[in-house]
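The values are calculated or read from the model by the stated rules, or taken from the named source; none is laboratory data. Note that the structure is a prediction, hence the values are computed from the model and not measured. Cβ: placed from backbone, ideal geometry, glycine included. Neighbour counts: every protein chain shown.
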Amino acid sequence: MLSLAIPSKGRLKENCHAWFAERGLVMEQTAGARGYRASFAGLPDVEVMLLSASEIASALLAGDIHLGITGEDLLREEAPELKGRMHLIKPLGFGFADVVVAVSQYWIDVSSMADLDDVCAAYAQTHRRRLRVATKYAQLTRSFFAQARISDYRIVPSAGATEGAPAAGTAEVIVDITTTGATLRDNGLKILDDGVILKSQAQLAASLTADWDAEARKACETLLSRMNEAPLYSALSAEFRA
Amino acid sequence: MATFPYYDAGALQALGAQADAILGLFAGRGYVHEEPSVLQPAEIFLDRSGEEIRRRTFTLTDPSGRDLALRPDLTIPICRDAILANRKWPARICYNGLAFRHQPGEPHRPTQFFQAGAELLGLEDRTAGETEILSLAIEALRVAGLKDFSLRIGDLALFNALVDALALPKQWRARLKRHFWRAGYVESLLYWLGHGDGTAKLPGTKAEIEALLDKQGDAPAAGRTRAEIIARALDRAAEAAALRLDPAMADAIAKLLDISGPAEQALAEVRALLKTTNINLDVQLAAMDARLATLKSLGVAADRVRFTAHFGRNMEYYTGFVFELWARDKEGPVQVAGGGRYDTLLESLGAKQPVSAIGCAIRTERLMAAKAVA
């Protein structure tokens, strides 16, 4: 059996259904599964599970599922080094969003990561504590700030409404996801010129830590070739051999 | 060494005997043996050391919700306690205990290791303090039974003095100093300063800047005062005009940072290169000469000492003289000890005045492995 997880609600779910339908695959709800299981007509060896987008990322990393569709931001946050753990099969052309570094528009003297570096250092000296960055993307933030050579800061985990943190006084800077930037602007924030950490979209991804027995491989090959994407399976099976 | 080391009776006995020898030496020089607790409040490391050390520090939350850390070194908790206990300066403190570090990307390296070390806090005579600690580290290796080792030395003060001598805006000097320990980055900044163009993005007068701030509506101040922002904006405007380094000068500094080799020869190279500029680093170079003389008097052969101009240890709290002692174990070269000056640490931990500080730490398990090969 091949297990495939897709988002259980919202626009991501609708987009997934549409994406499969365009490729001739019709999803059917499994009877009695309370809407958390489904299958494709004519593909009995593929079991479809509906999970939350972030659960899909952690299930892929844990090897609990073979395939999953979720945001690249969540995948990269869950597994900072994808190599040997996950293989991104295909970007799907929906669920676009950018993970960005944003500061208050009041900080008229800050427009780049280099400016932020200066301000971080000055802040640590003046205020005797580190500047706080609120985010739910701790891993992405760490590696991006390290690339920008910034070390004088600390991360404050944020569960939701991150864009409100600077106004609420719980953090000075945020790293958050945005599609149009409107929510950031509404909260008096701006994106730094070189502050785009990741241009994310929904990805069809394979777990490399899952148990890929002969049956699962065969079902995956069939699934991809039914969608006219057979070459994608060759790339994936190269990862199995690696 | 294993990720989770297991110490059998033989290993414990050997480590114990070696630690006794080292602590005995420290005690003979007036160092008091102390030990902070293994679990510490997380913020004393995280607020001080930055995100890079945070990545390597094991943190946990106690049942009441307080953030704790397994000490990634003993220096910070010892210095903190010295401040809280209102110690008289100079204070001489030594220790031997476990430190804990996560090793990102290197799962084969141990997550805990023994460190023996000495801290000399609040001694006014800086040269005397450096001689004392450098000698102590070398003698500690010898008293433990290691005969052959080499040194790598450097001095962040040399680089800082170099940067201070440049006709650059204050913030750029601060930025260069802050990034000294990231060699490649400093070179690219220098190149940009010498060959790039600095264009202004902000208006140049205070009134214009204030007007711009007033236009930001409800945008949150986000922890910075209006005055702070105005001051930095004015600095930025001024520096955009001044941000230009003679390309020859920028290249000379980049070349200087590249100097590394047997100490006497390397320092001669530094002097020769400085002659082509108008920068005077006589004080800092004389201090380096004095350290070489100390090493000579300790019987360390000149060819065992390397000077590396960009050497600055990647622990962010060092501020001046830094050194590393190297030996070989069965897998190759291994750093067995290190140390240096960290003059700003105590103030950042809450000391009311600046306190001069210098210390050294010995990786006793690596030392043991190196002795096994010799």
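Look at B:Leu346 and say whether it is under 18 Å from the mean Cα position of the chain (by Cα), of a type outside the set (Gly, Ala, Ser) and either on the phi < 0 side of the Ramachandran plot or not assigned by TED's automatic domain parsing to the domain that holds B:Arg109 (or both). Yes: the conditions hold for B:Leu346.
Filtering the range A:14-71 to residues that are assigned to a helix (DSSP H, G or I) and of a type in the set (Ser, Thr, Tyr) leaves A:Ser54, A:Ser58.
Quick check on A:Arg154: is it touching a residue at least 24 places away in the same chain (Cβ under 8 Å) and in contact with a strand residue (DSSP E or B) (Cβ under 8 Å, 6 or more places away or on another chain)?
Criteria met by A:Arg154.
Please specify each residue of the range B:1-36 satisfying the condition of being assigned to a loop (DSSP other than H, G, I, E, B) and loosely packed, with under 11 Cβ neighbours inside 10 Å. Once the filter is applied, which keeps residues that are assigned to a loop (DSSP other than H, G, I, E, B) and loosely packed, with under 11 Cβ neighbours inside 10 Å, the range B:1-36 yields B:Ala2, B:Phe4, B:Tyr6, B:Asp8.
Out of everything in the range B:147-190 that is modelled with pLDDT of 75 or more and aromatic (Phe, Trp, Tyr), what residue ends up being surrounded by the most Cβ atoms within 10 Å (Cβ to Cβ)? Among residues in the range B:147-190 that are modelled with pLDDT of 75 or more and aromatic (Phe, Trp, Tyr), the one surrounded by the most Cβ atoms within 10 Å (Cβ to Cβ) is B:Phe159.
A quick yes/no check of all residues on (1) crowded, with 19+ Cβ neighbours inside 10 Å; (2) outside the structural domain of B:Ile76 (by TED's automatic domain parsing); (3) modelled with pLDDT under 90:
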{"residue": "B:Met288", "(1), (2), (3)": "yes, yes, no"}
{"residue": "B:Arg291", "(1), (2), (3)": "yes, yes, no"}
{"residue": "B:Arg306", "(1), (2), (3)": "yes, no, no"}
{"residue": "B:Ala309", "(1), (2), (3)": "yes, no, yes"}
{"residue": "B:Asn314", "(1), (2), (3)": "no, no, yes"}
{"residue": "B:Thr319", "(1), (2), (3)": "yes, no, yes"}
{"residue": "B:Gln335", "(1), (2), (3)": "no, no, no"}
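Taken over the range A:125-160, the residue count meeting the criterion of being buried (at least 21 other Cβ atoms within 10 Å of the Cβ) and either assigned by TED's automatic domain parsing to the domain that holds A:Arg76 or of a type in the set (Ser, Thr, Tyr) (or both) is 6. Among the residues of the range A:161-181, the ones that are part of a strand (DSSP E or B) and either closer than 18 Å to A:Gln139 by Cβ or outside the structural domain of A:Ala121 (by TED's automatic domain parsing) (or both) come to 5 in all.
Scanning the range A:100-129 for residues that are at pLDDT below 85 and among the charged types (D, E, K, R), we see that the one that is nearest to A:Ser200 (Cα to Cα) is A:Arg129. Taking the numbered list (1) more than 24 Å from the chain's Cα centre (by Cα); (2) in a helix (DSSP H, G or I); (3) not small (Gly, Ala, Ser) in turn, A:Leu140 passes all entries but (1). The criterion of at least 2 residues that are small (Gly, Ala, Ser) is met, among strands (runs of 3 or more DSSP E) falling completely within the range B:314-374, by B:332-341, B:357-363.
Among the residues of the range A:74-85, some residue qualifies, meaning at least one is among the hydrophobic types (A, V, I, L, M, F, W, C), assigned to a loop (DSSP other than H, G, I, E, B), more than 10 Å from every other protein chain (Cβ to nearest Cβ) and surrounded by fewer than 23 Cβ atoms within 10 Å (Cβ to Cβ).
Restricted to helices (runs of 4 or more DSSP H) entirely inside the range B:119-184, those with at least 3 residues that are within 27 Å of B:Ile78 (Cβ to Cβ) and hydroxyl-bearing (Ser, Thr, Tyr) are B:126-144.
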